[in-house]
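Have a look at the structure below, then the notes.
The values are calculated or read from the model by the stated rules, or taken from the named source; none is laboratory data. Keep in mind it's a predicted model, so treat the numbers as computed, not measured. Here the Cβ positions follow ideal geometry from the backbone for every residue, glycine too, while neighbour counts run over all protein chains shown.
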Amino acid sequence: MRVWTSMITKFINSRKTRLSHWLHHHGQSLSSSLARFRQAPLSSVSVLLLIAIAFAIPIAIHITFNAVNSLTAQWDQDKQITLFLKSDINLQQAQELAATLQQQLAISKARAIDKQQVLSSFTLDTQYALLGESKEDSNPLPHIIELVPSDQADLEQLAGLFATHPDVDQTQFDWLWFQRLEAISQLILSIQWVMSVVLMLTVVLIIVNVVRWEISSRTAEIEIIKLVGASDSYVQRPFLYYGGLLGMLGVLFAIGLTSLSCWLINQSLSPLMTLFTSEFRLVSLNQAQAMTLLLIGTVIGIFSSAVASRAKIRAIS
């Protein structure tokens with residue numbers, strides 16, 4: 001029994017020793033990677049800025065895409081069709097027509113508005129007080145119907161239908177602008193994906209070349225370490241940490257650059273948006289998005305470092 005207990009104790013102690021050595025080497029690898037940034041601060045900052053710019057461009061496109069989407073969504077909520085009826089259509093006929101259109105077409109809301117109310121609104125908006133004091137008989141404006149199409153509505157079909165309706169004199173409907181904005185939004189999304197792929201490959205190439213240069217500058221040190229029995233994975237570990245730090249710090253720089261850019265642009269946009277009574281503004285990455293991007297940058301850095309160091313370290317004897 002004592003023999004078994006002794007063997008188990010030795011096994012546990014050996015495992016603890018290996019684990020402590022493993023953790024110690026990871027700590028040393030991280031420390032040596034950080035030391036490289038301190039030893040060559042200028043070149044390190046230059047490399048990090050290159051990586052940060054490569055990450056910042058797709059982030060900026062993503063922020064722009066979200067801003068355009070929020071703007072189109074805001075306009076989409078206010079989207080409506082205004083039908084100016086012919087002058088011989090009275091209010092009762094307008095109300096009946098509104099109810100009929102809502103029942104028969106893909107219309108979520110239909111409302112007939114009396115021409116006196118239309119005149120009052122026009123007077124308030126344009127400040128033509130004399131026109132607002134006109135008598136009902138001399139009111140030049142017709143009754144109107146305001147329609148809100150449903151999400152399933154074919155806007156182009158509705159526009160053509162109302163343009164030929166016998167009771168409708170004129171249609172106010174900016175459906176073409178919504179289609180254009182949707183096309184612009186989809187274009188921005190496509191550009192974001194293409195640029196993201198291209199620039200992530202650029203980040204990989206940057207880190208690969210930096211790590212290869214680091215290995216070349218430490219060839220003699222690696223040869224000595226391998227002569228005393230170090231494995232390739234042991235030698236490779238510090239470079240993996242170095243690549244991961246390059247990716248992570250590059251993302252941090254990119255988030256800082258894009259956040260600062262958003263703040264500066266919003267300061268300039270604020271007076272303009274006040275004039276247009278719009279809430280358009282650029283919103284930087286939230287905490288979850290930033291953490292996800294940091295993880296992606298770290299993984300890209302480790303992967304690039306592994307690609308750069310694996311074959312090169314094996315070639316050193």
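Take Q192 and tell me if it is surrounded by 13 or more Cβ atoms within 10 Å (Cβ to Cβ), touching a His at 6+ places or on another chain (Cβ under 7 Å) and part of a helix (DSSP H, G or I). In short, yes.
For the range 169-187, give me each residue that is exposed (fewer than 12 other Cβ atoms within 10 Å of the Cβ) and modelled with pLDDT under 70. Scanning the range 169-187 gives a single hit, L176.
Of the residues L158, L119, L147, L130, which is among the hydrophobic types (A, V, I, L, M, F, W, C), exposed (fewer than 13 other Cβ atoms within 10 Å of the Cβ), modelled with pLDDT under 80 and not assigned by TED's automatic domain parsing to the domain that holds A290? Reasoning before the result, please.
Details: L158 fails: exposed (fewer than 13 other Cβ atoms within 10 Å of the Cβ); L119 fails: exposed (fewer than 13 other Cβ atoms within 10 Å of the Cβ); L147 fails: exposed (fewer than 13 other Cβ atoms within 10 Å of the Cβ).
The match here is L130.
Within the range 37-54, residues that are under 15 Å from G243 (Cα atoms) sit with their Cβ atoms under 7 Å from residues that are among the aromatic types (F, W, Y) and surrounded by 11 or more Cβ atoms within 10 Å (Cβ to Cβ), at 6+ positions apart or across chains, in these pairs: S44/F37; L48/F253; L49/F253; A52/F253.
Looking at this structure, is V198 modelled with pLDDT of 80 or more, farther than 27 Å from V299 by Cβ and among the aliphatic types (A, V, I, L, M)? Full working, then the answer.
Working: modelled with pLDDT of 80 or more: yes; farther than 27 Å from V299 by Cβ: no; among the aliphatic types (A, V, I, L, M): yes.
So V198 fails the test.
Would you confirm whether or not the range 256-266 contains a residue that is of a type outside the set (D, E), in a helix (DSSP H, G or I), out of contact with any strand residue (DSSP E or B) (no Cβ under 6 Å at 6 or more places or on another chain) and modelled with pLDDT under 85? Looking for residues that are of a type outside the set (D, E), in a helix (DSSP H, G or I), out of contact with any strand residue (DSSP E or B) (no Cβ under 6 Å at 6 or more places or on another chain) and modelled with pLDDT under 85, one finds at least one in the range 256-266, hence yes. Within the range 87-116, the set of residues being within 15 Å of H143 (Cβ to Cβ) and part of a strand (DSSP E or B) comprises A110, R111, A112, I113. Checked against the criterion of being surrounded by fewer than 21 Cβ atoms within 10 Å (Cβ to Cβ), touching a residue at least 24 places away in the same chain (Cβ under 8 Å) and assigned by TED's automatic domain parsing to the domain that holds S305, the candidates V251, V228, V235 yield just one match: V235.
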